[in-house]
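To start, the structure under review is shown below, and the notes come after it.
The values are calculated or read from the model by the stated rules, or taken from the named source; none is laboratory data. Everything numeric in this text was worked out from a predicted model, so none of it was measured. Glycine gets a Cβ as well: all are built from the backbone with ideal geometry, and neighbour counts include every protein chain shown. Quick note on the areas: whole protein, heavy atoms, side chains included, nothing else; ligands and nucleic acids left out. Shrake-Rupley method; radii C 1.70, N 1.55, O 1.52, S 1.80 Å.
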Amino acid sequence: MQISIINGSPKLGKSTSDLILEYLTPLISDNNAIEIYNISKTEMNEQRLAYIENSGVIIFAFPLYIDSIPSHLLEFLIQLEKRQFSDKNTMVYCIVNNGFYEGRQNYIAIEQMKIWCASNHLKWGQGVGVGAGEMLPFLKDIPLGHGPNKNLGNALKRLSLNILSAQSGETLFISPNWPRFLWKIESSQFVWYPRAKTNGLKRSRLYDQVNNAVSNK
Amino acid sequence: MIYPQIDDGDVVISENSAIRNCIGCFGCWIKTPGKCVLKDGYDNMGHIFSQADNVIIISRCCYGGYSPFVKNVLDRSISFLLPFFQTKNNETHHKKRYKNTFKFIVHFYGENITSQETDIAHSLIKANAVNLHANDSKVFFYHSFDEIAKGVQL
Ligand SMILES: Cc1cc2nc3c(=O)[nH]c(=O)nc-3n(C[C@H](O)[C@H](O)[C@H](O)COP(=O)(O)O)c2cc1C
(Lines give C-alpha, C1' and ligand atoms only; values in the text may rest on other atoms or scores of the structure.)
Protein backbone atom coordinates (compact mmCIF):
# COMPACT_ATOMS: atom_id res chain seq x y z
CA MET A 1 0.00 0.00 0.00
CA GLN A 2 1.13 3.55 -0.74
CA ILE A 3 1.11 5.84 2.32
CA SER A 4 1.72 9.59 2.38
CA ILE A 5 2.56 11.26 5.65
CA ILE A 6 2.27 15.02 5.80
CA ASN A 7 4.08 16.78 8.59
CA GLY A 8 2.54 20.19 9.19
CA SER A 9 4.90 21.48 11.83
CA PRO A 10 6.61 24.66 10.58
CA LYS A 11 9.42 24.38 13.16
CA LEU A 12 12.90 24.70 11.66
CA GLY A 13 14.45 22.18 14.06
CA LYS A 14 13.02 18.92 15.30
CA SER A 15 9.35 19.08 16.18
CA THR A 16 7.07 16.99 18.33
CA SER A 17 5.25 16.00 15.13
CA ASP A 18 8.58 14.59 13.86
CA LEU A 19 8.98 12.61 17.06
CA ILE A 20 5.43 11.23 16.96
CA LEU A 21 6.01 10.16 13.34
CA GLU A 22 9.23 8.42 14.36
CA TYR A 23 7.13 6.41 16.81
CA LEU A 24 4.36 5.71 14.32
CA THR A 25 6.25 4.76 11.12
CA PRO A 26 7.79 1.49 12.38
CA LEU A 27 4.28 0.41 13.46
CA ILE A 28 2.90 0.81 9.94
CA SER A 29 5.90 -0.02 7.72
CA ASP A 30 4.80 -3.62 6.96
CA ASN A 31 5.74 -3.70 3.21
CA ASN A 32 4.13 -0.33 2.70
CA ALA A 33 5.71 2.38 0.58
CA ILE A 34 5.79 5.38 2.91
CA GLU A 35 6.74 8.92 1.93
CA ILE A 36 6.98 11.65 4.56
CA TYR A 37 6.68 15.27 3.46
CA ASN A 38 7.19 18.25 5.67
CA ILE A 39 5.34 20.90 3.73
CA SER A 40 7.49 23.70 5.24
CA LYS A 41 10.73 22.04 4.19
CA THR A 42 9.95 20.09 1.03
CA GLU A 43 8.93 21.72 -2.21
CA MET A 44 5.57 20.15 -2.98
CA ASN A 45 6.13 19.62 -6.69
CA GLU A 46 3.88 17.82 -9.15
CA GLN A 47 5.47 14.43 -8.51
CA ARG A 48 4.95 14.65 -4.75
CA LEU A 49 1.41 15.96 -5.04
CA ALA A 50 0.65 13.07 -7.40
CA TYR A 51 2.13 10.63 -4.89
CA ILE A 52 -0.23 11.95 -2.23
CA GLU A 53 -3.21 11.71 -4.55
CA ASN A 54 -2.39 8.12 -5.44
CA SER A 55 -1.95 7.01 -1.84
CA GLY A 56 -4.33 4.59 -0.19
CA VAL A 57 -3.68 6.29 3.14
CA ILE A 58 -2.84 9.90 3.97
CA ILE A 59 -1.71 10.70 7.50
CA PHE A 60 -1.42 14.27 8.72
CA ALA A 61 0.65 15.12 11.80
CA PHE A 62 0.66 18.74 12.93
CA PRO A 63 0.61 21.10 15.92
CA LEU A 64 -2.50 22.87 17.15
CA TYR A 65 -2.29 26.60 16.46
CA ILE A 66 -4.89 28.94 17.97
CA ASP A 67 -7.27 26.05 18.58
CA SER A 68 -7.21 24.97 14.94
CA ILE A 69 -5.17 24.02 11.84
CA PRO A 70 -1.98 26.11 11.33
CA SER A 71 -2.23 28.62 8.50
CA HIS A 72 0.35 27.11 6.14
CA LEU A 73 -1.23 23.65 6.42
CA LEU A 74 -4.65 25.17 5.78
CA GLU A 75 -3.29 26.67 2.59
CA PHE A 76 -1.89 23.29 1.56
CA LEU A 77 -5.22 21.55 2.27
CA ILE A 78 -6.99 24.06 0.04
CA GLN A 79 -4.38 23.47 -2.68
CA LEU A 80 -4.92 19.69 -2.46
CA GLU A 81 -8.69 20.11 -2.60
CA LYS A 82 -8.45 22.21 -5.78
CA ARG A 83 -6.62 19.37 -7.55
CA GLN A 84 -9.48 16.98 -6.81
CA PHE A 85 -8.74 13.44 -5.71
CA SER A 86 -9.69 10.78 -8.22
CA ASP A 87 -9.50 7.79 -5.85
CA LYS A 88 -12.26 8.29 -3.32
CA ASN A 89 -11.24 5.25 -1.30
CA THR A 90 -8.25 6.98 0.23
CA MET A 91 -8.35 6.87 4.03
CA VAL A 92 -7.40 9.99 6.01
CA TYR A 93 -5.90 9.87 9.51
CA CYS A 94 -4.47 12.65 11.64
CA ILE A 95 -2.44 13.19 14.79
CA VAL A 96 -2.64 16.66 16.26
CA ASN A 97 -0.45 17.64 19.19
CA ASN A 98 -0.88 20.72 21.34
CA GLY A 99 0.96 22.70 24.00
CA PHE A 100 -1.67 22.51 26.70
CA TYR A 101 -1.92 19.43 28.84
CA GLU A 102 -5.32 18.27 27.63
CA GLY A 103 -5.25 16.38 24.33
CA ARG A 104 -8.96 17.11 24.11
CA GLN A 105 -8.23 20.68 23.09
CA ASN A 106 -7.29 19.27 19.67
CA TYR A 107 -10.95 18.45 19.11
CA ILE A 108 -11.68 21.40 16.82
CA ALA A 109 -8.66 20.80 14.53
CA ILE A 110 -9.61 17.14 14.17
CA GLU A 111 -13.19 18.10 13.29
CA GLN A 112 -11.80 20.55 10.70
CA MET A 113 -9.83 17.68 9.18
CA LYS A 114 -13.02 15.62 9.01
CA ILE A 115 -14.70 18.47 7.15
CA TRP A 116 -11.76 18.64 4.71
CA CYS A 117 -12.00 14.88 4.23
CA ALA A 118 -15.72 15.12 3.49
CA SER A 119 -15.26 18.02 1.04
CA ASN A 120 -12.81 15.81 -0.86
CA HIS A 121 -15.15 12.81 -0.66
CA LEU A 122 -12.40 10.77 0.98
CA LYS A 123 -12.90 8.27 3.80
CA TRP A 124 -12.31 9.34 7.36
CA GLY A 125 -10.04 7.01 9.30
CA GLN A 126 -9.25 8.34 12.74
CA GLY A 127 -7.94 11.34 14.66
CA VAL A 128 -5.68 11.36 17.70
CA GLY A 129 -5.24 14.43 19.91
CA VAL A 130 -2.02 14.43 21.92
CA GLY A 131 -1.69 16.85 24.86
CA ALA A 132 1.46 18.39 26.42
CA GLY A 133 3.31 18.13 23.10
CA GLU A 134 6.32 20.11 24.29
CA MET A 135 6.86 17.50 27.00
CA LEU A 136 7.35 14.59 24.58
CA PRO A 137 10.95 15.45 23.57
CA PHE A 138 11.88 15.20 27.29
CA LEU A 139 10.48 11.66 27.36
CA LYS A 140 12.12 10.38 24.19
CA ASP A 141 14.40 7.96 26.06
CA ILE A 142 11.46 6.29 27.77
CA PRO A 143 10.09 3.48 25.61
CA LEU A 144 6.73 4.06 24.00
CA GLY A 145 3.94 2.47 26.01
CA HIS A 146 5.79 2.86 29.30
CA GLY A 147 5.67 5.34 32.21
CA PRO A 148 4.62 8.81 31.00
CA ASN A 149 4.61 7.50 27.40
CA LYS A 150 2.04 4.83 28.21
CA ASN A 151 -1.03 6.61 26.88
CA LEU A 152 0.75 7.75 23.72
CA GLY A 153 1.98 4.20 23.06
CA ASN A 154 -1.51 2.77 23.44
CA ALA A 155 -3.09 5.39 21.20
CA LEU A 156 -0.48 4.98 18.44
CA LYS A 157 -0.87 1.21 18.59
CA ARG A 158 -4.63 1.49 18.09
CA LEU A 159 -4.16 4.02 15.32
CA SER A 160 -1.57 1.85 13.55
CA LEU A 161 -3.84 -1.20 13.59
CA ASN A 162 -6.60 0.85 12.02
CA ILE A 163 -4.23 2.21 9.38
CA LEU A 164 -2.95 -1.27 8.48
CA SER A 165 -6.45 -2.63 8.05
CA ALA A 166 -7.90 0.55 6.45
CA GLN A 167 -10.45 0.80 9.25
CA SER A 168 -12.03 3.81 10.92
CA GLY A 169 -11.88 4.44 14.63
CA GLU A 170 -13.24 6.87 17.19
CA THR A 171 -11.21 9.98 17.95
CA LEU A 172 -8.73 9.44 20.78
CA PHE A 173 -7.58 12.17 23.14
CA ILE A 174 -4.64 11.58 25.38
CA SER A 175 -2.50 13.44 27.88
CA PRO A 176 0.79 12.11 29.23
CA ASN A 177 0.66 9.61 32.04
CA TRP A 178 2.00 12.40 34.27
CA PRO A 179 0.27 14.84 36.66
CA ARG A 180 -0.96 18.09 35.16
CA PHE A 181 0.14 20.27 38.08
CA LEU A 182 3.72 19.01 37.75
CA TRP A 183 3.85 19.76 34.04
CA LYS A 184 2.52 23.25 34.73
CA ILE A 185 5.54 23.95 36.97
CA GLU A 186 8.00 22.02 34.83
CA SER A 187 7.05 23.77 31.61
CA SER A 188 8.38 27.04 33.09
CA GLN A 189 11.39 25.42 34.76
CA PHE A 190 12.46 23.16 31.93
CA VAL A 191 11.15 24.90 28.83
CA TRP A 192 10.66 28.68 29.07
CA TYR A 193 13.30 29.79 31.62
CA PRO A 194 16.18 27.82 30.08
CA ARG A 195 15.24 28.94 26.57
CA ALA A 196 15.14 32.58 27.70
CA LYS A 197 18.53 32.14 29.36
CA THR A 198 19.99 30.77 26.13
CA ASN A 199 18.94 34.06 24.56
CA GLY A 200 20.57 36.04 27.37
CA LEU A 201 17.25 37.09 28.91
CA LYS A 202 16.47 37.23 32.63
CA ARG A 203 13.23 35.56 33.71
CA SER A 204 11.59 38.91 34.43
CA ARG A 205 12.07 39.97 30.80
CA LEU A 206 9.60 37.29 29.68
CA TYR A 207 6.85 39.55 31.06
CA ASP A 208 7.88 42.55 28.90
CA GLN A 209 5.09 44.60 27.39
CA VAL A 210 5.42 46.40 24.09
CA ASN A 211 4.46 50.06 24.39
CA ASN A 212 5.24 51.80 21.11
CA ALA A 213 2.51 53.51 19.12
CA VAL A 214 0.26 51.43 16.93
CA SER A 215 0.54 52.09 13.24
CA ASN A 216 -2.19 51.43 10.76
CA LYS A 217 -0.91 48.57 8.68
CA MET B 1 -18.15 50.23 3.42
CA ILE B 2 -18.72 47.30 5.69
CA TYR B 3 -18.31 49.14 8.93
CA PRO B 4 -20.15 52.44 8.77
CA GLN B 5 -17.26 54.31 10.28
CA ILE B 6 -13.60 53.57 10.80
CA ASP B 7 -12.38 55.78 13.64
CA ASP B 8 -8.94 57.25 14.07
CA GLY B 9 -7.94 54.76 16.72
CA ASP B 10 -9.07 51.75 14.68
CA VAL B 11 -6.40 49.54 13.21
CA VAL B 12 -7.30 47.64 10.05
CA ILE B 13 -5.20 44.62 9.17
CA SER B 14 -5.62 43.28 5.68
CA GLU B 15 -3.42 41.55 3.19
CA ASN B 16 -1.72 44.68 1.90
CA SER B 17 1.66 43.02 1.86
CA ALA B 18 2.93 39.47 1.91
CA ILE B 19 2.73 37.72 5.27
CA ARG B 20 5.11 34.97 6.38
CA ASN B 21 3.80 32.05 8.37
CA CYS B 22 4.64 31.42 12.01
CA ILE B 23 7.65 29.11 12.28
CA GLY B 24 6.81 27.91 15.79
CA CYS B 25 10.07 29.25 17.25
CA PHE B 26 8.44 30.92 20.29
CA GLY B 27 10.84 33.84 19.73
CA CYS B 28 7.94 36.16 20.67
CA TRP B 29 8.07 34.60 24.15
CA ILE B 30 11.73 33.84 24.76
CA LYS B 31 13.82 36.04 22.46
CA THR B 32 12.04 39.34 21.93
CA PRO B 33 9.16 38.97 24.41
CA GLY B 34 5.96 40.51 23.06
CA LYS B 35 7.19 40.82 19.46
CA CYS B 36 7.40 38.35 16.60
CA VAL B 37 10.91 37.84 15.21
CA LEU B 38 9.71 37.77 11.56
CA LYS B 39 9.94 41.39 10.47
CA ASP B 40 7.38 41.62 7.68
CA GLY B 41 5.03 44.26 9.05
CA TYR B 42 2.84 41.72 10.85
CA ASP B 43 5.20 41.35 13.81
CA ASN B 44 3.34 43.59 16.23
CA MET B 45 0.01 41.78 16.57
CA GLY B 46 0.30 41.19 20.32
CA HIS B 47 0.71 44.88 20.96
CA ILE B 48 -2.18 45.74 18.64
CA PHE B 49 -4.44 43.35 20.56
CA SER B 50 -3.28 44.94 23.83
CA GLN B 51 -4.76 48.27 22.69
CA ALA B 52 -8.09 46.84 21.55
CA ASP B 53 -11.57 47.04 23.07
CA ASN B 54 -12.96 45.04 20.16
CA VAL B 55 -11.30 42.57 17.84
CA ILE B 56 -13.47 42.17 14.75
CA ILE B 57 -12.66 39.54 12.16
CA ILE B 58 -14.13 39.18 8.69
CA SER B 59 -13.12 35.92 7.05
CA ARG B 60 -14.10 33.38 4.47
CA CYS B 61 -15.09 30.22 6.31
CA CYS B 62 -12.68 27.35 5.54
CA TYR B 63 -13.45 23.92 7.01
CA GLY B 64 -15.29 25.60 9.88
CA GLY B 65 -12.43 28.00 10.62
CA TYR B 66 -10.66 31.07 9.27
CA SER B 67 -9.17 31.71 5.83
CA PRO B 68 -5.39 31.11 5.54
CA PHE B 69 -4.55 34.84 5.68
CA VAL B 70 -6.71 35.55 8.74
CA LYS B 71 -5.41 32.39 10.39
CA ASN B 72 -1.87 33.49 9.64
CA VAL B 73 -2.44 36.83 11.39
CA LEU B 74 -3.85 34.98 14.42
CA ASP B 75 -1.00 32.46 14.44
CA ARG B 76 1.35 35.46 14.51
CA SER B 77 -0.45 36.90 17.56
CA ILE B 78 0.59 34.66 20.43
CA SER B 79 2.93 37.39 21.73
CA PHE B 80 -0.28 38.83 23.20
CA LEU B 81 -0.07 36.06 25.82
CA LEU B 82 2.61 34.84 28.22
CA PRO B 83 4.13 31.37 27.85
CA PHE B 84 3.07 30.45 31.38
CA PHE B 85 0.11 28.20 32.08
CA GLN B 86 -2.93 28.78 34.22
CA THR B 87 -5.88 26.48 34.80
CA LYS B 88 -9.32 27.86 33.86
CA ASN B 89 -12.47 25.71 34.08
CA ASN B 90 -10.26 22.69 34.60
CA GLU B 91 -8.36 23.30 31.37
CA THR B 92 -4.89 24.70 30.76
CA HIS B 93 -4.59 28.14 29.12
CA HIS B 94 -1.95 30.86 28.95
CA LYS B 95 -1.57 33.74 31.38
CA LYS B 96 -2.13 37.27 30.18
CA ARG B 97 0.73 39.58 29.23
CA TYR B 98 -1.47 42.69 29.19
CA LYS B 99 -4.27 43.99 31.42
CA ASN B 100 -6.87 44.73 28.75
CA THR B 101 -9.66 42.47 27.61
CA PHE B 102 -11.64 42.83 24.40
CA LYS B 103 -14.82 41.69 22.75
CA PHE B 104 -14.13 39.10 20.05
CA ILE B 105 -16.49 39.26 17.06
CA VAL B 106 -16.19 37.09 13.98
CA HIS B 107 -18.08 37.40 10.69
CA PHE B 108 -17.74 34.33 8.48
CA TYR B 109 -18.87 34.25 4.85
CA GLY B 110 -19.11 31.45 2.34
CA GLU B 111 -21.56 30.06 -0.21
CA ASN B 112 -21.92 26.57 1.14
CA ILE B 113 -21.23 26.74 4.85
CA THR B 114 -22.58 23.44 6.22
CA SER B 115 -24.16 22.94 9.63
CA GLN B 116 -21.12 20.90 10.59
CA GLU B 117 -18.99 23.94 9.78
CA THR B 118 -21.14 26.38 11.76
CA ASP B 119 -20.97 24.02 14.76
CA ILE B 120 -17.19 23.87 14.61
CA ALA B 121 -16.92 27.60 13.98
CA HIS B 122 -18.96 28.24 17.15
CA SER B 123 -16.66 25.94 19.15
CA LEU B 124 -13.59 27.57 17.62
CA ILE B 125 -14.65 31.12 18.47
CA LYS B 126 -15.54 30.08 22.00
CA ALA B 127 -12.14 28.38 22.46
CA ASN B 128 -10.30 31.38 20.96
CA ALA B 129 -12.20 33.75 23.25
CA VAL B 130 -11.17 31.75 26.32
CA ASN B 131 -7.54 31.57 25.22
CA LEU B 132 -7.41 35.29 24.35
CA HIS B 133 -9.16 36.19 27.63
CA ALA B 134 -11.93 37.98 25.69
CA ASN B 135 -14.76 39.42 27.79
CA ASP B 136 -17.39 38.46 25.22
CA SER B 137 -17.55 36.72 21.86
CA LYS B 138 -19.95 36.57 18.95
CA VAL B 139 -20.00 34.83 15.60
CA PHE B 140 -22.13 35.57 12.53
CA PHE B 141 -22.50 33.80 9.18
CA TYR B 142 -23.24 35.21 5.72
CA HIS B 143 -23.83 33.54 2.38
CA SER B 144 -21.41 35.78 0.50
CA PHE B 145 -19.00 38.62 0.89
CA ASP B 146 -21.55 40.86 -0.85
CA GLU B 147 -23.98 40.15 1.93
CA ILE B 148 -21.39 41.32 4.46
CA ALA B 149 -20.65 44.36 2.34
CA LYS B 150 -24.24 45.51 2.80
CA GLY B 151 -23.45 45.92 6.47
CA VAL B 152 -22.67 43.68 9.39
CA GLN B 153 -24.47 42.94 12.58
CA LEU B 154 -22.76 44.39 15.61
C1 LIG C 1 1.32 30.18 16.96
C2 LIG C 1 1.08 29.08 17.94
C3 LIG C 1 -0.20 28.86 18.41
C4 LIG C 1 -0.46 27.83 19.31
N5 LIG C 1 -1.74 27.65 19.76
C6 LIG C 1 -1.99 26.66 20.65
C7 LIG C 1 -3.33 26.44 21.12
O8 LIG C 1 -4.28 27.12 20.74
N9 LIG C 1 -3.51 25.45 22.04
C10 LIG C 1 -2.50 24.66 22.49
O11 LIG C 1 -2.74 23.78 23.31
N12 LIG C 1 -1.23 24.83 22.03
C13 LIG C 1 -0.96 25.80 21.13
N14 LIG C 1 0.32 25.98 20.66
C15 LIG C 1 1.39 25.07 21.11
C16 LIG C 1 1.74 23.99 20.11
O17 LIG C 1 0.60 23.29 19.70
C18 LIG C 1 2.73 23.03 20.76
O19 LIG C 1 3.90 23.74 21.06
C20 LIG C 1 3.06 21.79 19.94
O21 LIG C 1 3.68 20.84 20.79
C22 LIG C 1 4.03 22.06 18.77
O23 LIG C 1 4.12 20.90 18.00
P24 LIG C 1 5.27 20.68 16.89
O25 LIG C 1 6.58 20.58 17.65
O26 LIG C 1 4.90 19.41 16.22
O27 LIG C 1 5.26 21.84 15.99
C28 LIG C 1 0.61 27.00 19.77
C29 LIG C 1 1.90 27.24 19.30
C30 LIG C 1 2.15 28.27 18.40
C31 LIG C 1 3.56 28.50 17.92
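Are there strands (runs of 3 or more DSSP E) fully within segment A:30-115 with at least 1 residues that are without any contact (Cβ under 8 Å) to a residue 40 or more places away in the chain and open to solvent by 10 Å² or more (accessible area, probe 1.4 Å)? List them.
A:33-38
Quickly run through segment B:29-41 and pick out the residues that are open to solvent by less than 30 Å² (accessible area, probe 1.4 Å) and either under 17 Å from B:Tyr98 (Cα atoms) or within 7 Å of another protein chain (Cβ to nearest Cβ) (or both).
Matches in segment B:29-41: B:Trp29, B:Ile30, B:Pro33, B:Gly34, B:Cys36.
Just one of the numbered conditions (1) away from the ligand (no atom under 16 Å from the Cβ); (2) outside any loop (DSSP other than H, G, I, E, B); (3) open to solvent by less than 60 Å² (accessible area, probe 1.4 Å); (4) of a type outside the set (Lys, Arg) is not true of A:Leu161; which one?
Every condition holds for A:Leu161 apart from (3).
Restrict the check to segment A:125-138 and report whether at least one residue is more than 16 Å from the ligand (Cβ to nearest atom), surrounded by 15 or more Cβ atoms within 10 Å (Cβ to Cβ) and either modelled with pLDDT of 95 or more or part of a helix (DSSP H, G or I) (or both).
Yes, segment A:125-138 has at least one match.
Among the residues in segment A:111-121, are any under 17 Å from A:Leu21 (Cβ atoms) and either within 12 Å of the ligand (Cβ to nearest atom) or more than 14 Å from chain B (Cβ to nearest Cβ) (or both)?
No: segment A:111-121 contains no residue that is under 17 Å from A:Leu21 (Cβ atoms) and either within 12 Å of the ligand (Cβ to nearest atom) or more than 14 Å from chain B (Cβ to nearest Cβ) (or both).
All but one of (1) of a type in the set (A, V, I, L, M); (2) within 12 Å of another protein chain (Cβ to nearest Cβ); (3) under 25 Å from the mean Cα position of the chain (by Cα) hold for A:Ile163, so report the exception by its number.
(2)
Look through segment A:1-29, keep the residues that are open to solvent by 50 Å² or more (accessible area, probe 1.4 Å) and within 14 Å of chain B (Cβ to nearest Cβ), and return whichever of them is nearest to the ligand (Cβ to nearest atom).
Only one residue fits best here, namely A:Lys14.
Counting residues that are modelled with pLDDT of 95 or more and of a type in the set (A, V, I, L, M), which strands (runs of 3 or more DSSP E) fully inside segment B:21-128 reach at least 2?
B:54-60, B:81-88, B:103-109
Determine whether segment B:82-96 contains at least one residue that is within 27 Å of A:Ile78 (Cα to Cα) and more than 10 Å from chain A (Cβ to nearest Cβ).
no
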